[in-house]
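To start, the structure itself, in structure tokens.
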Amino acid sequence: AQSVTQPDIHITVSEGASLELRCNYSYGATPYLFWYVQSPGQGLQLLLKYFSGDTLVQGIKGFEAEFKRSQSSFNLRKPSVHWSDAAEYFCAVGISGTYKYIFGTGTRLKVLA
Amino acid sequence: DTEVTQTPKHLVMGMTNKKSLKCEQHMGHRAMYWYKQKAKKPPELMFVYSYEKLSINESVPSRFSPECPNSSLLNLHLHALQPEDSALYLCASSHVGNTEAFFGQGTRLTVV
């Protein structure tokens, strides 16, 4: 069965520290992978996507993610976190040919000043 | 323009009311979606329109009625809702083929 797992429900980091949010997926074919960010009461904003090609993808707001097929992972990273990065982060897989996206349960990021 | 615009931003309605949520995009996307999101949960798919035709209905109760008048507009008509239907309703759009979906800011719906 297709699934997306975000093992960390909450993560707290200090401003200026590095960040890694984990995402593991279960999917039979090469997945379309996405990271979205959601501030409280707001919609989801696309940070980055992976369809094929270079396994290290760059996104907006200084985020990057690395696709590792052998580990079925698509972890999100940022070298230096800003207070404005505090939000909920969702990893998602697009199921080819279905219009469906499977979302992980989300990771809530708290940033300490 | 990568915006999906939803109106209203907030809506309070009684259980006997009829209201509509509206969504608009001008990115040329031919797939449009309605999602429901409860607090601290990921979005849940409700409906998908592809080329203005309903492609997916995720067994949503009939008190929710979607409509796609043209390729840029998507509506969600609400009637006789229950308090448990209170949630953030998100509209999204994408090119056909599971490319990235762009989301609106949502409508915060409260049913009283």
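Points worth noting:
- Number of positions in the stretch B:21-49 that are within 12 Å of the chain's Cα centre (by Cα) and under 14 Å from B:Gln6 (Cα atoms): 9
- Residues that are crowded, with 16+ Cβ neighbours inside 10 Å, at negative phi and free of Cβ contacts under 8 Å to residues at least 12 places away in the same chain within the stretch A:77-113 comprise just one, A:Lys100.
- Residues that are within 12 Å of another protein chain (Cβ to nearest Cβ), buried (at least 19 other Cβ atoms within 10 Å of the Cβ) and either out of contact with any strand residue (DSSP E or B) (no Cβ under 8 Å at 6 or more places or on another chain) or not in a loop (DSSP other than H, G, I, E, B) (or both) occur at least once in the stretch B:48-71.
- Considering the stretch B:97-112, and only residues there that are surrounded by fewer than 18 Cβ atoms within 10 Å (Cβ to Cβ) and among the β-branched types (Val, Ile, Thr), the residue that is farthest from the other protein chains (Cβ to nearest Cβ) turns out to be B:Val112.
- Scanning the stretch B:72-96 for residues that are surrounded by 15 or more Cβ atoms within 10 Å (Cβ to Cβ) and among the polar types (S, T, N, Q), we see that the one that is nearest to B:His26 (Cα to Cα) is B:Ser72.
- Some residue of the stretch A:12-31 being in a strand (DSSP E or B), under 14 Å from the mean Cα position of the chain (by Cα), at pLDDT 95 or above and within 12 Å of another protein chain (Cβ to nearest Cβ): no
- In the set (1) in a strand (DSSP E or B); (2) among the basic types (Lys, Arg); (3) free of Cβ contacts under 8 Å to residues at least 24 places away in the same chain, the condition left unmet by B:Lys19 is number (3).
The values are calculated or read from the model by the stated rules, or taken from the named source; none is laboratory data. Because the structure is predicted, anything quoted here is derived from the model rather than measured. Because the Cβ atoms are built from the backbone with ideal geometry, glycine has one as well, and the counts that use them run over all protein chains shown.
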